[in-house]
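Only the coordinates and a few stated rules stand behind these numbers; no lab work does. Only a predicted model underlies this, so the values are computations on that prediction, with no experimental measurement involved. Cβ atoms come from the backbone with ideal geometry, glycine included; neighbour counts cover every protein chain shown.
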Amino acid sequence: MTLRVFNYPAWGVTVNGRSVETQTADVTGQMVIPVSAGSSDVRIRFRRTKDRTVGNVISLAFLVGGILSVVWGGRKPDNDGEHRGSQGNAWQAAEKIFSATRTNLRR
């Protein structure tokens, strides 16, 4: 039996209640399940793997960090006491770099 699913190690397959090793189609990478002729009970389950768990943890950490930076890192006083968003300071720095580069190119 060939499924139109990429054969990834997270797939768990049982045939008639017994775990079986899947094979991979050469060109397409599709999952091939060894099934004998006749009626069979085939169950396919996608399990969690370490790489997916690590990826989810990293994504969650960056999401929380992004939310915290927006909530708590948005407004800080400058030297003159005015509150500007952190993005404003970044734009000012980028503008200075661009101006200096443009001046150097004119020489």
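Can you tell me the FRET efficiency between Thr24 and Arg52 if r is taken as the Cβ-Cβ distance and R0 is 25 Å, rounded to the nearest 0.05?
Working: r = 19 Å, r/R0 = 0.78.
Working from the Cβ atoms, E equals 0.80.
For region 2-46, go through all pairs of different Cα atoms, get the mean of 1/r, take its inverse, and jot down that Kirkwood value in Å.
This gives a value of 10.8 Å.
Can you tell me the FRET efficiency between Phe62 and Trp11 if r is taken as the Cβ-Cβ distance and R0 is 35 Å, rounded to the nearest 0.05?
That gives a FRET efficiency of 0.80.
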